[in-house]
Each structure stands twice: as C-alpha cells, then as structure tokens.
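Trainee: Submitted below is the structure of interest, expressed as structure tokens.
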Amino acid sequence: MKPVLLALTFLSEEHRAQMAEVFEVLYAADAPSAAAAIAQHGSRVRVALTIGAIGLSPAQIDALPALTLICVLGAGYENVAVDHAKARGIVVATGAGTNDDCVADHTWGLLIAAQRRILPLDKATRAGVWRTALPLPPNVSHKRLGIIGLGTIGKKIAQRSLGFEIEVGYHNRSARTDVPYRYFADVAALAEWADFLVIATPGGAGTKHLVNAAVLNALGPRGVVVNIARGSVIDTAALAAALREGRIAAAGLDVYESEPAPPAELLDLDNVVLTPHVAGWSPEAVQNSVDRFMENARRHLAGEAPVTPL
C-alpha cells in the first residue's frame with residue numbers, strides 16, 4: 001500500500017499526479033477540506049505537505065498519530081509547529097534553495113518598477129500623455145541597497161545589484177563573515193543609510209512589524225521599500241501613511257498582511273506595485289520545489305535524512 005500524504009497547499013493536477021505515483025494523496029488545499037480530511041483519514045497520514053503561510057498546528061499534528069514527516073514547499077515555515085513536531089519525533093524538512101533565483105529576479109522587477117514608476121508611466125502612455133508632461137523617474141543605478149535578512153535569497157538579491165553598480169548593506173541577527181557588504185546591527189540605521197530597503201527575512205512573531213513607522217521615516221522621502229518575505233514584517237498602516245504623506249517615495253510588495261485579500265489601504269496609491277505572492281512561483285521554481293519534496297520524502301521513507309531538514 002502507498003503511504004498516505006496530506007497535502008494542505010495548492011498543487012496543480014500535474015504535480016498531484018506526480019505525487020500520486022508514490023503516495024495516496026489527500027488533497028486538502030483549504031481549511032474546511034483540511035479539517036474534513038484529518039477527521040476522516042488522520043489516523044492513516046504518514047506525510048504532510050504544507051507551506052509556511054498555512055503551516056501545521058499542534059492540534060493538527062496531534063490529530064495525525066501516524067505522521068512521521070512534515071515538508072514545506074519553499075523556505076518559510078513560520079506557521080509550522082516545529083518544536084511540537086520534533087518533540088513527537090516527527091522530521092521536518094523544507095524546500096530551501098528551490099526558488100531562490102525566482103524570488104531574487106522578482107525582487108528586482110518590483111524594485112525597478114517602483115523606482116522608475118513603470119505602472120503610472122504605462123497608464124499615462126495609454127492615456128496619450130507624453131514624457132514632457134510627466135515627472136522624471138529617478139535612476140536605479142548607483143544607489144544604496146539595504147537588505148533585511150541576508151540568507152540565501154538575500155545574497156542572490158545582492159548579487160544582482162552588481163550590474164547596477166549599487167552599494168549593498170544588510171541587517172541580520174549577526175554579521176556574516178562570507179560577504180563584503182556593510183553590516184548594520186540596527187534596522188533603522190540600515191534604512192537611514194539606504195535608498196532601497198528590501199525585506200528578505202523570515203516571518204513569524206520575531207519579525208512582526210520589524211519595519212514600522214520609525215524605520216520608514218529613516219528610509220526617507222526618496223526611499224523605496226520592497227517586501228518579498230512575509231507581509232507581517234511591515235506595519236501596513238504605517239506604510240500606507242508614509243506613502244500617502246510622502247515620507248517614502250514608493251513600495252513594491254509581493255506579500256501583505258491581508259493576503260490572500262489585497263491590502264485595502266494601498267489599492268488607490270499609484271506609488272505601490274503589488275503582486276499576489278508569486279515571487280517564488282515560476283514553472284521552473286515550482287517544479288524544483290515539488291521535486292525537492294519528493295526527494296525529501298523518498299529519503300525519509302527509505303530511512304535516510306532528507307536533503308533540507310530543519
């Protein structure tokens with residue numbers, strides 16, 4: 001008999017078929033479906049697949065007595081009860097490294113669009129407005145980029161700055177010894193130094209509203225903030241006020257506190273670029289994530305350590 005997989009996140013038909021070659025797949029991509037699947041089949045579930053935003057709670061874990069492996073697609077795992085799982089001897093693994101390039105690419109798309117005002121310029125062009133009637137959008141090149149969270153994704157974002165001849169600084173829990181960039185122990189100090197502030201730190205309680213009104217004020221009226229991490233890291237109300245009052249110039253957001261609903265406070269602003277949490281989504285990246293899950297699961301079921309355990 002195939003081991004039972006509880007899949008709690010969206011999967012295409014093709015990826016469900018790929019998993020069905022190895023697993024009996026219980027596909028439950030919303031909360032009511034998850035509750036029903038756990039109630040009916042929880043005793044048989046051996047592997048759970050989720051994402052950081054959905055997670056797996058202590059109560060859900062306790063309702064899965066045969067569970068031995070939890071995997072997340074992507075690197076984030078903020079809503080997975082990792083300590084609770086490990087206390088039960090359950091292995092937890094991530095998809096770290098599978099979509100880093102895609103996220104870094106998207107980050108620069110948001111940053112360029114926000115700084116160069118691509119969306120308002122597109123709208124103006126369609127309305128027949130010529131360049132001489134419009135304010136000049138500033139350069140991207142030769143600026144200062146501050147990155148909050150210099151993990152693998154943060155490093156790839158920094159790497160892409162070389163082509164723009166940009167100076168890079170960063171904030172981390174501690175300074176890294178393997179990068180040449182300037183370290184800032186304080187987020188507000190990084191923001192004050194930077195022209196662009198990119199958020200690439202994990203979500204969760206420890207980083208909630210790390211970027212607040214004081215940090216945005218430090219970034220200043222010509223500053224641009226980009227968030228491809230988790231919506232909770234930015235105080236949305238403070239961001240909306242800063243954008244409306246001209247205390248920062250623009251923002252590019254792939255994530256927001258209200259998701260999947262769009263951020264209502266920002267929808268009427270033309271100095272915000274919004275995308276629906278797709279920075280890590282491309283055909284290549286999603287396939288990499290699914291393949292990593294399959295390999296982590298294969299190794300676990302064979303009695304081996306997964307590729308990317310926590």
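Trainee: Could you tell me which of the residues A75, A59 is outside any strand (DSSP E or B) and over 28 Å from G151 (Cβ atoms)?
Mentor: Unique residue meeting the criteria: A59.
Trainee: Out of the residues in segment 130-172 meeting the condition of being under 30 Å from T308 (Cα atoms), of a type in the set (V, I, T) and assigned to a helix (DSSP H, G or I), tell me which one is nearest to the chain's Cα centre (by Cα). Show your work before the answer.
Mentor: First, pick out the residues of segment 130-172 that are under 30 Å from T308 (Cα atoms): 145-162, 168-172.
Retained after the next criterion (residues that are of a type in the set (V, I, T)): 147-148, 152-153, 157, 168.
Remaining after also requiring assigned to a helix (DSSP H, G or I): 152-153, 157.
On the way: T152: 12, I153: 10, I157: 13 Å.
Only one residue tops the list, namely I153.
Trainee: While we're looking at this one, here's another question. Out of segment 198-257, which residues are part of a helix (DSSP H, G or I), of a type outside the set (A, V, I, L, M, F, W, C) and within 17 Å of G169 (Cα to Cα)? I'd like the intermediate steps shown before the answer.
Mentor: The initial filter retains those residues of segment 198-257 that are part of a helix (DSSP H, G or I), namely 205-207, 213-219, 231-233, 236-244.
Restricting the remaining residues to those that are of a type outside the set (A, V, I, L, M, F, W, C) gives 206-207, 217, 231-232, 236, 244.
Scanning segment 198-257 gives no hits.
Trainee: So which residues in segment 30-47 are out of contact with any helix residue (DSSP H, G or I) (no Cβ under 8 Å at 6 or more places or on another chain), closer than 20 Å to K2 by Cβ and hydrophobic (A, V, I, L, M, F, W, C), if there are any at all?
Mentor: Selection gives A37 alone.
Trainee: Give the residues of segment 150-162 that are small (G, A, S) and open to solvent by 10 Å² or more (accessible area, probe 1.4 Å), sorted by residue number.
Mentor: Across segment 150-162, the qualifying residue is only G151.
Trainee: Name the single residue, out of those in segment 189-220 being of a type in the set (S, T, N, Q) and surrounded by fewer than 21 Cβ atoms within 10 Å (Cβ to Cβ), that is modelled with the lowest pLDDT.
Mentor: Going through the qualifying residues, I end up with T207.
Trainee: Here's something else I'd like to know. Anything in segment 46-85 that is of a type outside the set (A, V, I, L, M), out of contact with any Gly (no Cβ under 8 Å at 6 or more places or on another chain) and either farther than 19 Å from F23 by Cα or surrounded by fewer than 19 Cβ atoms within 10 Å (Cβ to Cβ) (or both)? List them, or say none.
Mentor: Scanning segment 46-85 gives G55, S57, P58, Q60, D62, D83, H84.
Trainee: Considering only residues that are open to solvent by 10 Å² or more (accessible area, probe 1.4 Å) and over 21 Å from the mean Cα position of the chain (by Cα), look in segment 1-14 and name the one that is farthest from L73 (Cα to Cα).
Mentor: M1
Trainee: Then there's this: Counting only residues that are without any contact (Cβ under 8 Å) to a residue 40 or more places away in the chain, part of a helix (DSSP H, G or I) and more than 13 Å from V198 (Cα to Cα), which one in segment 103-129 is least open to solvent (accessible area, probe 1.4 Å)?
Mentor: Across segment 103-129, the extreme among qualifying residues is A124.
The values are calculated or read from the model by the stated rules, or taken from the named source; none is laboratory data. Bear in mind the structure is a predicted one, so any value in this text is a computation, not a measurement. Note that we place each Cβ from the backbone using ideal geometry, even for glycine, and neighbour counts take in every protein chain shown. The area values use the complete protein model at the heavy-atom level, side chains included, leaving out ligands, DNA and RNA. Shrake-Rupley method; radii C 1.70, N 1.55, O 1.52, S 1.80 Å.
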